[in-house]
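Note sheet for the following structure.
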Amino acid sequence: MLDHSSVSSALAEHYDLSPSVDLAEQMRETYQRMARVVPPPDWARHAPYVAAIERLKRERGAVILAHNYMTPEIYHGIADFVGDSLQLAIKATEVEAEVIVQCGVHFMAETAKILNPDKTVLIPDRDAGCSLAESITAEGVAQMRASYPGAPVVSYVNTTAEVKAASDICCTSANALQIVEAMVADTVIMTPDMYLAQNVAKQSSKRVVYWPGSCIVHELYSAEDIHAYRENDPDLAVIAHPECTPEVVAEADFTGSTREIFAWVNRHRPGRAMLVTECSMASNIADELPEVEFAKPCNICPYMKKITLEKVLWSLHSMTGQVEVAPETAADARRAVQRMIDISQRQAA
Ligand code: 13P
Ligand code: SF4
């Protein structure tokens, strides 16, 4: 990837990307979806990028899949489909477009590639990693298998293709308990998120053993802080992600995946809500739920925030950031991901 100033000057040769109040006004309908959280001068800066990306998407026959933690101008401005990790994985099995741009982190793009070996999958910044995916290798999975012979390995989708390939099945935050319960064994190994594993263990009939990885965003929240917020604001609804510690989850009114968080707030419409997760989650649902006031603070995922409109435009323009997975690894990883999707869809039917 070129450095930022080289990308900016290369793009300036092909596109007029100067802030434009006229273009912002022409694209008012798109702006309405994020007006509560994106000030008009910012939209005037974003609009030329959004227009250029939309044009390039048509030229390249590309679709953009975006995670719920993307910034509002990506989430509402350019995404064709938004969702949590499970929804994005399922959508990746359904898209017909030849080019998929993954606005999310690297493991999500790898999952899309694993499910679509013949398509071009682009990640606008290869450094968009994940502390969980970086915490374990296939060697770590082998160590766990050696420590607990015969126990199946359930790996969170927040892992590399090699780790998925070394696992029996994957899970996401939306189906972790369901997948663990579906294993025909008394002991189940979960990798790499120890807090997700502990939260599942509290509800599961199985003995759950786990790898000691964690999410650098969710582990920052403490039960004491949440308790203090609640004391100051007794009507505050607290909604957590299962990558938070069990103590934080115990303080929450509801815990679920990013899709489930949105669904809960949408259904209950609390006057004030604290989303114990990444900051963009509240920003992206704010305009759809004008009666809900979202309490700060929140924590930013530095990996998710590596994806910007400029990098998406550059990736589509230059077709750089193509994700590749070795065919044998992809075949084994696909089996683990597909097994998860099949169980989730069977139980939802
Ligand atoms: P979801 O699957 O709930 O969207 O979570 C993905 C993630 O990376 C959360 O930190
Ligand atoms: Fe990984 Fe945590 Fe960022 Fe999600 S929020 S991508 S789990 S570091």
Inset, instruction - Treating cross-link reach as a plain straight distance, find the lysines whose alpha-carbon is under 27 Å from the alpha-carbon of residue 306, omitting any fewer than eight places away in the same chain. - result: 57, 91, 113, 119, 164, 296
Inset, instruction - Read phi for every residue in segment 169-186 and hand back ³J(HN,Hα) as whole Hz from Karplus 6.51 cos²θ - 1.76 cosθ + 1.60, θ = phi - 60°, with x for Gly and Pro. - result: 7, 9, 8, 10, 5, 7, 9, 4, 5, 4, 6, 4, 5, 6, 6, 8, 7, 7
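Please say if segment 138-196 is rounded, prolate or oblate, where rounded means a/c under 1.5 for a ≥ b ≥ c the square roots of the C-alpha gyration tensor eigenvalues, and otherwise the choice is prolate for a/b larger than b/c and oblate otherwise?
oblate
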Legend entry - Residues of segment 300-327 with amide N under 16 Å of the 7 Å Cα→Cβ point at residue 14: 309-322
Inset, instruction - Distance from a point 7 Å along Cα→Cβ of residue 28 to each backbone N in segment 72-113: keep the residues under 17 Å and list them by number. - result: none
Legend entry - Square roots of five times the Cα gyration tensor eigenvalues for segment 151-287, Å: 29, 15, 13
Inset, instruction - Using amide H atoms built 1.01 Å from N in the peptide plane, name the residues 5+ places from residue 101, or on other chains, whose amide H lies under 5 Å from its own. - result: 63, 64, 65, 122
Legend entry - Translational diffusion of the chain, µm² s⁻¹ [Kirkwood Rh, Cα pairs; Stokes-Einstein; 4 °C; 1.567 mPa s]: 62 µm²/s
Legend entry - Estimated inter-spin distance, residue 247 and residue 6, nm [label 7 Å along Cα→Cβ]: 4.7 nm
Inset, instruction - Using only Cα atoms, locate the centre of segment 298-341 and the centre of segment 217-237, then give the distance between them in Å, rounded to an integer. - result: 33 Å
Inset, instruction - For the chain, return all DSSP H helices satisfying: extent of Cα atoms along own axis at least 18 Å; mean Kyte-Doolittle hydropathy at least -1.0. - result: 327-348
Legend entry - Rounded to 5, the percent of DSSP beta bridges in the chain classed as antiparallel: 5 percent
Inset, instruction - Kindly provide the helix-only [θ] at 222 nm of the chain, computed as the sum of -39,500 (n - 2.57) over DSSP H runs of four or more divided by all residues, to the nearest 500 deg cm²/dmol? - result: -13500 deg cm²/dmol
Inset, instruction - Please return the longest stretch of the chain lacking exposed loop sites, where GluC sites (Glu not before Pro) count only if DSSP places them in a loop and at most 13 other Cβ atoms lie within 10 Å. - result: 99-287
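Only the coordinates and a few stated rules stand behind these numbers; no lab work does. Because the structure is predicted, anything quoted here is derived from the model rather than measured. Reconstructed Cβ throughout: ideal geometry from the backbone, glycine too, with neighbour counts over all protein chains shown.
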